[in-house]
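The values are calculated or read from the model by the stated rules, or taken from the named source; none is laboratory data. Note that the structure is a prediction, hence the values are computed from the model and not measured. Neighbour counts are summed over all protein chains in view; Cβ atoms, including those assigned to glycine, are modelled from backbone coordinates with ideal geometry. The accessibility values were calculated without ligands, DNA or RNA, using every heavy atom of the protein model including side chains. Shrake-Rupley method; radii C 1.70, N 1.55, O 1.52, S 1.80 Å.
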Amino acid sequence: MSSQPLQASNMEQLLEGIWKQNPVFVMALGMCPALAVTVSAFNALGMGLATTFVLICSCTLISMLRRFIPREVRIATYIVIIATFVTLVDYIIQAVSLALYEALGAFIQLIVVNCIILGRAEAHAAKNPPLSAMVNALGMGIGFTIGLFALGSVREILGAGKLFGLSLFGEHFQPWVVMVLPPGGFFVLGLWLLFFAWLAKRKEAQHGA
Amino acid sequence: MNGEQPIHVVPPVNSLRMVRTLMLVTSLCGGLIVAVWQLTQPAIAANKKVVLERSVRALIPNAAQIVEYDASTRGVTPGKGDPADGAVRFYAAYDRHGQLEAIAAEGAARGYTDTVRVLYGYRRACECIFGIRVTQMKETPGIGDKIITDPVFLKNFESLDVSLTPDMRSLFNTVKTVKHGTKQFGWEIDAIAGATITSKAVGRGINDSAQRLLPLLVPNLEAISQKGGMQ
């Protein structure tokens, strides 16, 4: 995932995370929050935006400090920086919406150990200038948010008959409760992965033809 | 292996530089955290107050004003910050004439998936809990979450006996959750069939909280019977 050449355009950097290397559907990273908090579209968006904020801020700062950080202490330094921005996002979410804070629970603090963030820091931000690191992190953040939203919206629609809390099918709809339970996360993720694998195969076949 | 291989010389690691970098980064991060904490604290405190007041008002609709207190062996004191060791936080709800309407307090116990938190309302006149409101739970949708909506279960809390012993040192009867359909006494809670663990968590949370709070609160209730009585 660190193979992008330094001269790649910003647009390519951005699209890498959103589509080609989507953290959820292509790299299958950050599965813990992707399965655990996506019981509703609102929770999924909240977690996606929180992770994007941490990704952008930590990757930009790490890129700015990359020449000053000795290799021997780089992991310790990255973790301190990531943990700092997670703490900030923790306070900010509490200040904005306690309901979202309660819904996301411990998964806000667990952003510290989200492998997408440390992976981006080590593979990209530590080797590239701040603008490039920021754009790459933004792309990954958007890609992660899209992945979470794709899971959360399907689970909320099927599991509760709602989207963003608004009822879609009226009172006669019998919700598929399993979709908002942990197995539902695996079902929906599996179906999305199947869909993306089918897309990749179809593209491959078209190129081969 | 032969003698022609180049010898790699590892440059000496500058320990001082490592320590200096870590110190600088942690100082920068520490400053950032403290600054954002200072900026967000008023909003977080205001949010918590709004959520709490909303829950208490839903439980005690006549509440015109809600005041936080801590009950401890030293008596009842205004609640500020986190309660001290051994103290129990509760909320006194006053009507628009400044008379004590009821008391609300929180109980918590481990449920099926996570902690179940309930706010319960207490009145001295009936020595009973007259209602509950679930403030936090992550129980199984469609099963455990019936504690919020099941009218038969909620009826348990319309007059749940929490009277004290004559020496006011503990509850006369332990509040306990019994198997669905076997409730006999006023201090028992009839569990929801299929959601026994969650129902028991509600009962345990209320019992633990009431056992701690009421012996400290009831002897001092007169002091807070009117708004401003403590000040």
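Scan the stretch A:67-77 and give yes if some residue there is in contact (Cβ under 8 Å) with a residue 24 or more places away in the chain, of a type outside the set (A, V, I, L, M) and more than 14 Å from every other protein chain (Cβ to nearest Cβ), otherwise no. No, the stretch A:67-77 contains no residue that is in contact (Cβ under 8 Å) with a residue 24 or more places away in the chain, of a type outside the set (A, V, I, L, M) and more than 14 Å from every other protein chain (Cβ to nearest Cβ). Filtered by the rule that a residue be crowded, with 22+ Cβ neighbours inside 10 Å and either in contact with a strand residue (DSSP E or B) (Cβ under 9 Å, 6 or more places away or on another chain) or at the interface with chain B (Cβ under 9 Å from one of its Cβ atoms) (or both), the stretch A:89-125 gives no residues.
Within the stretch A:37-50, no residue that is more than 18 Å from residue B:138 (Cα to Cα) sits with its Cβ atom under 6 Å from a residue that is charged (D, E, K, R) at 6+ positions apart or across chains.
Among the residues of the stretch A:96-145, those that are among the polar types (S, T, N, Q) and in a helix (DSSP H, G or I) comprise A:109, A:132, A:136, A:145.
Scan the stretch B:143-169 for residues that are open to solvent by less than 40 Å² (accessible area, probe 1.4 Å) and either small (Gly, Ala, Ser) or within 14 Å of chain A (Cβ to nearest Cβ) (or both) and the total you get is 2.
When you look at residue A:149, is it within 14 Å of another protein chain (Cβ to nearest Cβ) and touching a helix residue (DSSP H, G or I) at 6+ places or on another chain (Cβ under 8 Å), yes or no? When the stated conditions are applied, residue A:149 does not pass them. Against the criterion of being at the interface with chain A (Cβ under 7 Å from one of its Cβ atoms), of a type in the set (Gly, Ala, Ser) and part of a helix (DSSP H, G or I), residue B:43 qualifies. It is to be established whether one or more residues within the stretch A:161-173 are away from chain B (no Cβ under 13 Å), open to solvent by 70 Å² or more (accessible area, probe 1.4 Å) and either in contact (Cβ under 8 Å) with a residue 12 or more places away in the chain or touching a strand residue (DSSP E or B) at 6+ places or on another chain (Cβ under 8 Å) (or both). The answer is yes; a qualifying residue exists. Scanning the stretch A:65-88 turns up no residue that is closer than 27 Å to residue B:114 by Cα, part of a helix (DSSP H, G or I) and among the acidic types (Asp, Glu).
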